[in-house]
Structure formats: structure tokens, C-alpha cells
Amino acid sequence: MYRTLLIVIFSTVVALILVNILHQEDNYNLKLETLRHKYALKAIPSVSHSKLPALQRNFKTPQEVTEACLSCHTETHKEVMASSHWNWERVAYVEGRGISSAGKKNVMNNFCLGTNSNQQSCAKCHIGYGMSSSHFDFNNARNVDCMVCHDNSDEYLKGASMAGYPDRTVNLENVAQSVGSPRKSNCGSCHSFGGGGNNVKHGDLEVALNSCSREVDVHMGANGMNLECVACHTAKNHNIIGRLYSVSSDNTNRATCEQCHSTTPHLRDVLNRHGSRVSCQACHIPQYAKVNSTKMSWKWSDAGKLKDGKPYELEDSLGNHNYMSIKGSFVWARNVKPDYIWFNGTADHYILGDSIKSVPVQMNTLNGSYSDRRSKIIPVKIHVGDQIYDKVYNRLVQPKLYGETEGDSAYWKDFKWDDAVAAGMKESGLRYSGKYGFVKTKKMYWPVNHMVSPKGEAVGCAECHTRINGRLAKLSGFYLPGRDQNKSLDFVGYWMFILTLVAVFGHGAIRISMDISRNKYEKQIINYDEDKPAE
Amino acid sequence: MQQNMHKVYIYKRFERFWHWVQASLIMFLALTGFEVHGTFKIFGFEKAAEFHRTASWMLIGLIIFAIFWHLTTGEWRHYIPTTKQLKEQVIYYISGIFKGEHHPTERTGLSKLNPLQRIVYLGFKLILVPITIISGILYLLYKTFDQNNIIIIEDYPLASIAFWHTLGAILLMIFLVVHVYMTTTGKTPTSNIKAMITGYEELEDDQEEVKVENDSKHN
């Protein structure tokens, strides 16, 4: 009775433990629910700009709109003119370079190379009017473009190659009366089209996000929280938080997941603990470029081929250009698995005028390593290619690409590299030897921060904790359980185990065979004894 | 044959419970642990790691009970190493066992472990298990939260913690193989296992008297 009772108690305990281990309840994440409630309520503007008398007029120039804005928001231009959206550069301390300013003004990339001498075209994405050259007056408040960010009518559009002026079709009165908090389409009008087309540069920022599903981006999805960019990229005094290290250098003023989700967003602590060295993005963005393709490679050395003396374009099966006479050849990709690197929030860039230190040229260097405690693993898009450089001065050069007419030495019109580089470098205030070549550009890193997937699609444990082809296979300098092992210990241990098995089975086999032969011997004796009386 | 034998109670109830739970936990930990190590795939890494963590806490709990039991009952005395008859015991396993000789030492309530067992089990308890458990705890708590919810990471490289933990695991597996095999070297191939299940072992009569005397003295 006592015994049965014990067995019953014991087996109940075992059953309870097993149930506990094997059963997984989908717990209710209160933190997430609180956030959902917080962001479900959208602010209603306290002013309808359509009712303001200052805006009831026929604006002849966009500058008149700016003046009208400043008639009420009398100090706001100061905030805007202190921002990198206006200045196209930020001052930061960079290791090895000192205090330096970097931004679209001087950083080179391996897409359309750089802005110098091409401002007429590039300034389409400058929040100002009339930046047609490097002589733009950054102190003139009348040239601040309020509308590109604050237009809520979806009507505003900056003209192509108009130095930042709006397209001539835009009804400025309508736009001025519609203004409000920036929407995805405002930010996206520039940030989705970097590099000359939708999703060319970022891979995780593109026009599809304006109206996408939760699967594409769990935050911006129209059937999800439908958040605007500014929900996370908050902007006190027009100083918008967020850094992208294709142009940014320091670890300040960043927009982070933690600002809403805290450092312990998971119900399981083992996942929270990962957060010390693994960024949220690394697991929650299993792939980018989920809707439209992004450029992975750009070879300028192929540019300039003409058909019947005229430039032409070729398209791949998805309708993406894979060759353009004016730009060279491209490789596009969709649903791309990110690469992963260690990153501590500081970066250096190839700045126009820098000497080439190594080939392939590293366009931007994202600092960090496992041994640096501030570093985390982040997902990145890596864009490679080749581009033009000065063989004598050993540096990348800035060609003049855009021109209004032929004979203006612009490459996109004349297809003469020599003239284009000479013009571009003159505008940039740098010498050009007259001898150019093409040099490979490795690695321009684009941290991937958007296109966060719903939690069910997050990268699974075994995608990194695996010996073969894990996502983190290329990262070194640390021990990753499941991926790494001490090879000598494993080798010795394996053979010790096998030898033990062999020894044990050998020992057993000898015992059995000896037993058998002994039994035979004993049987013979018994037989002999039994046989004896019969004799 | 039966007439010459006598049943003796050797393994106490807690001892048997501890032995079998520890055995199953160690085997389960080996299964999940070597999966985390990447040796094979059964549960999937995520589940394996989770199970391993849970089972490891259970084993630690069990071992705390076992240590308490050893100390309070004086059972720890069984593990005091001795060189007396150690050589004979080794020689027995190398040659005598094949010739059908008897064990050079006999199991009694006073001394239920032979000299070889004493040394091996003592090593198991004082070296092998501590190596594995201490490295395991360091592994388990490699990253922890402090009061401010900030994650603290140990200064030791995880590679060396993992080295000791894997070494312990491999040695435990070798121990397991030899240990299981050794259970077959009793009176009959299953008599030792039966003893660990029921607690009773059949001993020859002449030893029995000594045993009873000793038992009454010590308990």
C-alpha cells in the first residue's frame, strides 16, 4: 500500500514535470499590447491649415510658400537649417580622421558616385530650392522646402533635375493648405528612391512600404499598426532621430527598437539575453527587398556602350535594368538574406579626396568586433561594384554625370570619361591627372533596419546555431554554441568513446566465449560422471 | 545453489531513486547537450537547448539532495579510497574474470563498493561531475541580468567554458558505457542491475554473517 502510494506520487511528479517541459503556452505579451494601444491612437491636428488666411492665395514661387509658413512658424527655419537634411553633412569625431564633416556633400558611394557637379539633378532630394551647384547659399531661409516633408495632399512633387524646385504641375496653394505631420510617402519620396530608382540603395526602404502588409513590415503594414516613419523617427525641433551609416559616422541620436520595445521585450529571458550582443534587427529581419528588387552590384566599367551611336538599356526578367549605357551593368536581387557584421555605431567613409588604401576600395567602414563590448551583430546589405579613379593620384574621382545639353562635358550626354572627370573634379576643387581607370569597390555596407517581419517569421535559433551554412558562418572571434566546437577535443573524445565501446564489447565477447568453452568442459565432465556407472 | 545464497539489503530507497533519476537525467542531458553541441539533430536546437537547461536545474537539485543524504547518513564513507586489494581487483577484470574466478572482494553493507569502484566513483563525484556542473553553471549564467535589467557577460571566454563542459560530457559518456558494461560482471549478467532496482543482492552465506554484524554496529 505504502509502496503503491509512493509510486503514484512519484509518477505524478514525473508527469507534471514532463507536462511542464513539453507544453508551451503562447503567453500574452503585455508590453506589446500596451504599445499597440499607445500607437493605435493617432493624433488629430489642432489646426487645419486650409482655414488659415495666410495660405489663401495664389503662390507664384515655392519661396512664397516658405515665407507664408515662416509668418506663423517664425523660428522654425532655424531648426530646419541646422539639420543634415538641409546641410547635407554632419560634424562628428571619426577615429583616425579627427573632427570631420561627412554627408552627401563629400561622401563617395558606389552607386551614382557623388553629388559634386551633379547638384542640379541630385538636389531633387535636398530640402531646399535652387541648389544647382556647390555655391548654394545655405543661409537663405526662403529656400527651405517645407512642403516636401509636410505635404499631406500627395500632390507635391520635386521636378527632375530642377535643383530641388517643385515640378511645374504642382498646385502650391493646395499643397500649402494641406500641410501636416510627415507621412510615409513624404519621407519615401527621397528615401525610397536613393540611387536613382525605387529601392536601389537601401533594399529595406521602398515605395511598397507606403501600403504594404504586415508580412512586409510589421510596423508599417496597412493591416497592422500602419505606423508612419515619424512614429519611430521622432523629431524634436526638426532634429530627426535615426542614423544610416552609409553617410553617418557617430553613435548618437539613433532611432532604436529599444526606445519602444525596451531591452527586455521577450517573454523568454534567453532571447532577451541575446540582446547584449545581437541587434533586434538581426533576428527580426530575416530578409529584405521583400517586394521589389534592390541593387546588389553596379559596374561602371561597362558604361558607355552605344547602339548606332545612341545609349540603350536592357532589362532582366523582373523588369529591372541590368544594363544602361549611361551607368553600366547591374545585378538586382529580391528577398535577400542579409549579411551580418559586428557594429558599434561608429563608421568611417570614403570621402572625396581620400587616397585609395586597399583594393577593392572599402566605401564605408562600419567599426566593431566581438571583442568590442559595445558591438552588436547587425544585418547589412553589401553593395559591390567598380568605379572610375585617378591612376596617378590614386583616388576615386567625381565625374560630372548630369548635364542639360550635349557638349557640357557631362558623361550622360557625351559619354567621354575624360571630360566628365575633369569637369567634376574642377567643380569639387580637386586635381585630376588625366589618367583614369576602373577600380573595384568592395563593400558599401547598408545596415538593414526596416521590413521587420511578424514575430513568427523571425530567424530561428538553428539558423545561426548550426555547423553548416549558418547565417553567422562568416563572423569570427567568438564561440557560438552549435556552430563552433573545439576540434581537437571532439576528435579525441570521439575516438576515446569509440575505443571504449570496442574495449567493452571485446571484453564481453572474450567473457562469453570463455564461458561457453568452460561450460562445454564442465558438461563433458558431467557426461563423463554420468557415463561412468553405465560402463 | 540457492541454498548457499542469502538476500541482503544493500541499496537504500533514496539511493536507488537518486541513482536512476540521475542516470536518466544524465542520459537526457547528453542527448540534448550533444545536439546543442551540433553532433546530431533530434529535437531541433531551440528545444534541445531549452530541455537541456530545464534538465540541468533538475540534476543540480537532485545532486544537492544526494550530497545531503551522503553527509547525513554517513554513506560518504563508502567512497573513502583504499589501495587494499585494488591491484587484485584490476587483475581480476583483466584476467580472472575470463577464467571464471570469483570477485576478489565481496560486497557487504559496510563496504558495498570494491576498491576500484571507490576510486572511480570518487573521481566521478569529486572531479568529473563538478567539472561538468561548474562549467555548466558558468555556461548557463554566461549572460545574466543585473538589477537594472542590464545584461552582464562573464569575462571568461565561452570557448573555454564550453571546452570543459564538453570534456566533462565526453568523459561522462565513457563512464556511462563502462559503468553499464560493468553491471554485467555480477553473479549473473543482470544481478547487479536487479540489486539497484530492488535494493537486495544475493550474497553467499559465509559473508552474510560478517555483514549482519557490521550492519548492526553501524546503523
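Bear in mind that the values in this text are calculations on the coordinates, not laboratory data. Given the structure is predicted, the values throughout are model-derived calculations rather than measurements. Note that each Cβ is placed from the backbone with ideal geometry, even for glycine, and that neighbours are counted across all protein chains shown.
Give me a single rounded figure for A:479-486: the average over its residues of other chain Cβ atoms within 10 Å of their Cβ.
Working: counts 8, 4, 10, 8, 1, 5, 7, 7.
Rounded to a whole number, the mean comes out at 6.
Placing +1 on the Cβ of each Lys and Arg and -1 on the Cβ of each Asp and Glu in the stretch B:114-210, which of B:Leu126, B:Ile197, B:Thr184 has its Cα farthest towards the positive end of the resulting dipole?
Result: B:Leu126.
How much net charge surrounds A:Val291 when only other residues with a Cβ under 11 Å from its Cβ are counted (Lys, Arg +1; Asp, Glu -1)? Please list the in-between numbers first.
Numbers: positive: A:Lys290, A:Arg334; negative: A:Asp204, A:Glu206, A:Glu215, A:Asp217.
Result for the local shell: -2.
Can you give the relative contact order of the stretch A:67-217 as a percent, counting alpha carbon pairs under 8 Å and 6+ residues apart?
Relative contact order, the stretch A:67-217: 16 percent.
Within the stretch A:273-287, list the residues whose amide N lies under 17 Å from a label point set 7 Å along Cα→Cβ of A:Lys31.
A:273-285
For chain B, calculate the relative contact order in percent as a whole number, restricting contacts to Cα pairs under 8 Å that are 6 or more residues apart. Please report the intermediate quantities before stating the final value.
On the way: 193 pairs, mean separation 63.8, N = 219.
Answer for chain B is 29 percent.
Just tell me, in residue order, which DSSP H segments of chain B are both 24 angstrom or longer along the helix axis (alpha-carbon based) and at least 1.6 in mean Kyte-Doolittle hydropathy. All intermediate terms of the calculation are to be shown ahead of the outcome.
On the way: long enough: B:13-37 (35 Å, 0.46); B:45-73 (41 Å, 0.79); B:158-182 (35 Å, 1.98).
Length and hydropathy pass: B:158-182.
With a 10 Å radius around each residue's Cβ, average the other Cβ atoms per peptide and rank A:273-279, A:48-54, highest first. Before the final figure, lay out the partial values.
Numbers: A:273-279: 19.7, A:48-54: 12.3.
Sorting A:273-279, A:48-54 by mean packing, highest first, produces A:273-279, A:48-54.
Could you work out how much longer the chain between A:Ser317 and A:Ile21 gets when fully extended? Use 0.36 nm per residue separation minus the Cα distance between them, nm to one decimal. Mind dumping the intermediate values first?
On the way: separation 296, 0.36 × 296 = 106.56 nm, distance 4.98 nm.
Length gained between A:Ser317 and A:Ile21: 101.6 nm.
Just need the relative contact order of chain A here, percent rounded to a whole number, with Cα pairs under 8 Å and 6+ apart. Mind dumping the intermediate values first?
Numbers: 952 pairs, mean separation 70.1, N = 535.
For chain A, the relative contact order is 13 percent.
So, with +1 on the Cβ of K and R and -1 on the Cβ of D and E, and no other charges, what is the size of the charge dipole of chain B about its Cα centre, to the nearest 20 debye?
Numbers: 20 positive and 20 negative charges, 26 e Å.
My answer is approximately 120 debye.
Quote the FRET efficiency, to the nearest 0.05, computed for A:Ser48 versus A:Ala235 with a Förster distance R0 of 25 Å and r equal to the Cβ-Cβ distance. Don't skip to the end; give the middle numbers.
Numbers: r = 21 Å, r/R0 = 0.86.
Step by step, r from the Cβ atoms, then E = 0.70.
At each listed q (0.23 Å⁻¹), what is the log10 of I(q)/I(0) that the Debye formula gives for the stretch A:110-198 modelled as equal alpha-carbon point scatterers?
-1.20
Going 7 Å from the Cα of A:Lys60 toward and past its Cβ, which residues in the stretch A:130-151 have a backbone nitrogen under 19 Å from where you end up?
Counting backbone N atoms under 19 Å from the label point, the list is A:130, A:142-144.
Cα-based count: Lys pairs in the stretch B:17-184 below 24 Å, eight or more positions apart or different chains?
9
Compare the peptides A:147-153, A:129-135, A:399-405 by average per-residue count of other Cβ atoms within 10 angstrom and give them in order, highest first.
Order by mean packing, descending: A:147-153, A:399-405, A:129-135.
Where does each of A:Tyr350, B:Tyr121, A:Tyr165 land when they are ranked from fewest to most other beta-carbon atoms within 10 angstrom?
Working: A:Tyr350 25, B:Tyr121 17, A:Tyr165 22.
Sorted ascending by nearby Cβ count, the order is B:Tyr121, A:Tyr165, A:Tyr350.
With axes computed from alpha carbons, what is the tilt in degrees of helix A:2-22 against the longest principal axis of chain A, rounded to the nearest 10 within 0 to 90?
30 degrees
Sort B:Thr198, A:Thr264 so the one with the fewest other Cβ atoms within 10 Å of its own Cβ comes first.
On the way: B:Thr198 13, A:Thr264 16.
By the 10 Å Cβ count, ascending, the order reads B:Thr198, A:Thr264.
Mind putting a number on the dipole of the stretch A:265-399 about its Cα centre? Charges go on the C-beta only, +1 for Lys and Arg and -1 for Asp and Glu, and I need it in Debye to the nearest 20.
400 debye
Working from Cα positions, state the angle (0 to 90°, nearest 10) between the long axis of helix A:417-428 and the longest principal axis of chain A.
The angle comes out at about 80 degrees.
Using Cβ contacts closer than 10 Å as the measure, can you line up A:Tyr93, B:Tyr92 from fewest to most?
Working: A:Tyr93 11, B:Tyr92 21.
Starting with the residue having the fewest Cβ neighbours, the order is A:Tyr93, B:Tyr92.
Picking from A:Thr12, A:Ala92, A:Leu35, whose Cα lies most toward the positive end of the charge dipole for the protein assembly as shown (charges on Cβ: Lys, Arg +1; Asp, Glu -1)?
Result: A:Ala92, furthest along the dipole toward the positive end.
Give the value in nm², to one decimal: projected area of the alpha carbon convex hull of the stretch A:263-338, averaged over all directions. Could you put the intermediate results ahead of the total?
On the way: hull surface 28.7 nm².
Computing the convex hull of the Cα atoms and averaging its projections yields 7.2 nm².
How big is the dipole moment of the protein assembly as shown about its Cα centre under a simple scheme where the beta carbon of each Lys and Arg is +1, that of each Asp and Glu is -1, and everything else is neutral? Debye, nearest 20, please. Before the final figure, lay out the partial values.
Working: 83 positive and 72 negative charges, 221 e Å.
Computed about the Cα centre, the dipole is about 1060 debye.
Determine which lysines satisfy two conditions relative to A:Lys105: a Cα distance under 17 Å, and not lying fewer than 8 residues away in the same chain.
A:Lys124, A:Lys400, A:Lys426
What FRET efficiency do you get for A:Ser211 and B:Thr144 if R0 is 51 Å and r is their Cβ-Cβ distance, rounded to the nearest 0.05?
Details: r = 44 Å, r/R0 = 0.86.
It comes to 0.70.
Answer with one residue from A:His202, A:Val459, B:Phe68: the one whose Cα lies farthest towards the positive end of the charge dipole of the protein assembly as shown, charges on Cβ with Lys, Arg +1 and Asp, Glu -1.
Ranked along the dipole, the leading option is A:His202.
If the cut-off is 17 Å between C-alpha atoms, which lysines fall inside it for A:Lys440, apart from same-chain ones fewer than 8 positions away?
Excluding near neighbours in sequence, the set is A:Lys295, A:Lys299, A:Lys327, A:Lys357, A:Lys391.
Cut-off 13 Å, label point 7 angstrom out along Cα-to-Cβ of A:Glu173: give me the residues of the stretch A:30-72 whose amide nitrogen falls inside.
In the stretch A:30-72, the label zone of A:Glu173 (backbone N under 13 Å from the point 7 Å along Cα→Cβ) covers A:54-61.
Rounded to whole Å and sorted largest first, what semi-axes of the equivalent ellipsoid does the C-alpha gyration tensor of the stretch B:17-184 yield via the square root of 5 times each eigenvalue?
Values: eigenvalues 253, 70, 41 Å².
Values for the stretch B:17-184, descending: 36, 19, 14 Å.
For the stretch A:422-468, what size does the Cα cloud have along each of its three principal axes, sorted from largest down, in whole Å?
Over the stretch A:422-468, Cα extents along the principal axes are 55, 26, 11 Å.
What angle, in degrees between 0 and 90 and rounded to the nearest 10, separates the Cα long axis of helix A:30-40 from the longest principal axis of the Cα atoms of chain A?
20 degrees
5 Å is the cut-off here: which amide hydrogens, built 1.01 Å from N in the peptide plane, fall below it relative to A:Lys391, excluding neighbours closer than 5 in sequence?
A:Lys435, A:Tyr436, A:Gly437
Taking the stretch A:189-332 as the region of interest, what is the percent of Cα-Cα pairs per 10 angstrom bin, listed from the shortest bin to the one with the maximum distance?
10, 29, 32, 18, 9, 2, 0
Quick check on the protein assembly as shown: helices-only [θ] at 222 nm, where DSSP H runs of length 4 and up contribute -39,500 (n - 2.57) each and the sum goes over total residues. Nearest 500, please. Can you show the working numbers first?
Numbers: 24 runs with 290 residues, N = 754.
Result for the protein assembly as shown: -12000 deg cm²/dmol, rounded to the nearest 500.
Under a 10 Å cutoff between Cα atoms, tell me which one of B:Glu35, B:Glu101, B:Glu202 has the largest fluctuation in the Gaussian network model of chain B.
B:Glu101
So if the hydrodynamic radius of the protein assembly as shown is defined as the Kirkwood radius over C-alpha pairs, what does Stokes-Einstein give as its diffusion coefficient at 20 °C and 1.002 mPa s, in µm² per second?
Working: Rh = 32.4 Å.
Estimated via Stokes-Einstein, D reaches 66 µm²/s.
Check which residues have an amide H placed less than 5 Å from A:Met296's amide H, if you skip close sequence neighbours.
A:Val331, A:Trp332, A:Ala333
Highest mean first, how do B:155-164, A:415-424 rank when packing is the count of other Cβ atoms within 10 Å averaged over residues? Don't jump to the answer; show the numbers that get you there.
Values: B:155-164: 15.0, A:415-424: 20.2.
Packing proxy ranking, top to bottom: A:415-424, B:155-164.
Once you put a point 7 Å from the Cα of A:Asn344 and another 7 Å from the Cα of B:Thr54, both along the Cβ direction, what distance in nm separates them?
4.0 nm
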